[in-house]
Amino acid sequence: MEHPLKVYNSLTRKKEDFIPLNPPFAGMYVCGPTVYGDPHLGHARPAITFDVVFRYLQHLGYKVRYVRNITDVGHLENDADEGEDKIEKKAKLDQLEPMEVVQYYTNRYHEFMNKLNVLNPSIEPHASGHIPEQIDMVQKILDNGMAYEAEGSVYFDVENYSKKYQYGILSGRNVDELLSNTRELDGQSEKRNSADFAIWKKASPTHIMRWKSPWSDGVPGWHMECSAMGAKYLGTPFDIHGGGMDLLFPHHESEIAQSVAASGVQPVKYWLHNNMITINGQKMGKSLGNFITLEEFFTGNHATLDQAYSPMTIRFFILQAHYRGTVDFSNAALQASGKAYERLMKAFERLEAIVSGAAGEFDVNKLSKDCYEAMNDDLNTPMVIASLFDAVKFINAAADKQTSMSEEQKLALMKIRKDFIEDILGLKQEGMEAAAGKGIEDDLMKLIIELRLKYRQDKNFAMSDFIRDELKKAGVELKDTKEGTEWMKN
RNA sequence: GGUCUCUUGGCCGAGUGGCUAGGCGCCGGUCUGCAAAACCGCUUACUCCGGUUCGAAUCCGGAAGAGACCUCCA
């Protein structure tokens, strides 16, 4: 592949050339949601980030298998002995079957990902559908002496693992500290060491979700699913593993340990991590309870939101920042993104209507080159967007006849639009005001606008302004454009 | 407390040892009966203190502030 794509690898802490293990194939695994709540803005970030990775790898010609899991079992509130499964807890609360909760929130997740124009992954495995694979892996780890059984649960033996391998290779944590400064803390635990983590958990009598295993009726540990499903669908090792930075430790660290303990092989070549979305400078997340769901963004129905924000505004907002930096949510920032997005899309829409002539002062080849370079430099989408705004200026100038554009330039810009805006960044035109077309309301507005037009033609501006002002009070705004009068509800 | 990261103009956000990112806002203009929208122009920043260098916002050291992970979180 001649495009020298570089990605930042959390494992080596360096930008590295992306060279897949088996070109032209590329395998990517991304940690998907635990489906026990509505998707919020924080979920949109990895989904969009790795959607762009998926899209770009495909654009470069790779045959990509993209696996993004659904965690529907095994994600415990904590690793303590009485730790409750998140799904099951929610199910009890709502008096539903756990799988009803799973189905509902999986559907919700899909619904909102579609709105954000996030492509479906190639495979979307559920943890609950891969219990045998996980049991197999637990057995292998036991066989290799890297885990022990206690009271029907199986725990990963960090201390023993560390004699041969490095627990902490990804997160940079020092095992000796992990082991020593926690040893005294828990006398009552089944674990030999509090750094150990459950890879199989015996179900308490009240547990609804449970599977038979050689050790007990129980559930797999949270980290197991990703190791087992990644190996099953992408092999060992595979190319890319993605997820949020908050999963780096302990989730991804433990994934590595499990896979290495089972197979002896480093399971992943490139670890990619997106950073967090913050609100008032703090991470937006479940535990702090400061998250805003995607539905709330799309409807504007939340106390801290000044207005509704469209899915593409959210997508654009996220792409305007580099994926490894935090991005701070605010109404002002989202409003700015919304406007910028509109301007970008409108300009490229005007492109089609431009009558070509002599070539204008604009180097489209350089633009294309800049966009590729930005993408290749660890997926620098904000840079791509900045470059695209150079084209916006040129297109607008040509559309306003301030300069001319050759057919060649026009076609090249159309290709930029197709490649970068649509295929790679995944931005799409959002339906202009869906407010129109609502039966009698629409007919009435048509009548009012017609009346007002009459007044305007008679130069009775007092009356036409009166109509506009009164409508505004009623929450309807009028705009006179060259194509006629538009209206929209506020 | 341990590990790590960050601090850029009114706001959001790239980037880099010398070549004014970009967006939004503000202001000015074009257009329009007016308004809005749209378009054009303008707006020269890099927490502080030392050091290295011909030259640092960019490298090194220190200080202050903020954040992430260490328990569940995307």
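Considering only residues that are closer than 15 Å to residue A:40 by Cβ, polar (S, T, N, Q), touching a residue at least 40 places away in the same chain (Cβ under 8 Å) and near RNA strand B (Cβ under 10 Å from one of its atoms), which ones fall in the range A:248-295?
Passing the criteria: A:274, A:278.
When you go through (1) open to solvent by 10 Å² or more (accessible area, probe 1.4 Å); (2) near RNA strand B (Cβ under 7 Å from one of its atoms) one by one for residue A:347, which number turns out not to apply?
Among (1) open to solvent by 10 Å² or more (accessible area, probe 1.4 Å); (2) near RNA strand B (Cβ under 7 Å from one of its atoms), residue A:347 violates only (1).
Matching residues to (1) within 27 Å of the chain's Cα centre (by Cα); (2) within 24 Å of residue A:196 (Cα to Cα):
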{"site": "A:72", "(1), (2)": "yes, yes"}
{"site": "A:87", "(1), (2)": "yes, yes"}
{"site": "A:107", "(1), (2)": "yes, no"}
{"site": "A:111", "(1), (2)": "yes, no"}
{"site": "A:121", "(1), (2)": "yes, no"}
{"site": "A:126", "(1), (2)": "yes, no"}
{"site": "A:135", "(1), (2)": "no, yes"}
{"site": "A:138", "(1), (2)": "no, yes"}
{"site": "A:168", "(1), (2)": "yes, yes"}
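Any residue that is within 30 Å of residue A:342 (Cα to Cα), within 14 Å of RNA strand B (Cβ to nearest atom) and touching a strand residue (DSSP E or B) at 6+ places or on another chain (Cβ under 8 Å) - is there at least one of those in the range A:296-313?
Scanning the range A:296-313 turns up no residue that is within 30 Å of residue A:342 (Cα to Cα), within 14 Å of RNA strand B (Cβ to nearest atom) and touching a strand residue (DSSP E or B) at 6+ places or on another chain (Cβ under 8 Å).
Can you find, within the range A:41-53, the residue that is farthest from RNA strand B (Cβ to nearest atom) among those that are open to solvent by less than 10 Å² (accessible area, probe 1.4 Å) and not β-branched (Val, Ile, Thr)?
Looking at residues that are open to solvent by less than 10 Å² (accessible area, probe 1.4 Å) and not β-branched (Val, Ile, Thr), I get A:51.
Of the residues that make up the range A:153-167, is at least one over 27 Å from residue A:271 (Cβ atoms), at pLDDT below 95 and open to solvent by less than 20 Å² (accessible area, probe 1.4 Å)?
Yes; the residues of the range A:153-167 include at least one that is over 27 Å from residue A:271 (Cβ atoms), at pLDDT below 95 and open to solvent by less than 20 Å² (accessible area, probe 1.4 Å).
Out of curiosity, is residue A:364 within 14 Å of RNA strand B (Cβ to nearest atom) and among the aliphatic types (A, V, I, L, M)?
no
In the range A:376-412, which residues are more than 8 Å from RNA strand B (Cβ to nearest atom) and under 28 Å from the mean Cα position of the chain (by Cα)?
Within the range A:376-412, A:376, A:379, A:381, A:384, A:391 qualify.
Give the range A:447-490 a look and list any residue that's within 25 Å of residue A:308 (Cβ to Cβ), among the charged types (D, E, K, R) and either more than 11 Å from RNA strand B (Cβ to nearest atom) or touching a residue at least 60 places away in the same chain (Cβ under 8 Å) (or both), or say none.
The answer is A:470, A:473, A:489.
Return yes when residue A:336 is within 8 Å of RNA strand B (Cβ to nearest atom), within 25 Å of residue A:297 (Cβ to Cβ) and out of contact with any Phe, Trp or Tyr (no Cβ under 8 Å at 6 or more places or on another chain) and no when it is not.
Yes: the conditions hold for residue A:336.
Can you tell me which of (1) farther than 22 Å from residue A:312 by Cβ; (2) touching a strand residue (DSSP E or B) at 6+ places or on another chain (Cβ under 8 Å) is the one residue A:366 doesn't meet?
For residue A:366, the failing item is (2).
The values are calculated or read from the model by the stated rules, or taken from the named source; none is laboratory data. Computed from a predicted model, the values in this text were never measured in an experiment. Cβ: placed from backbone, ideal geometry, glycine included. Neighbour counts: every protein chain shown. What goes into the accessible areas is simple: the full protein's heavy atoms, side chains included, and nothing from ligands, DNA or RNA. Shrake-Rupley method; radii C 1.70, N 1.55, O 1.52, S 1.80 Å.
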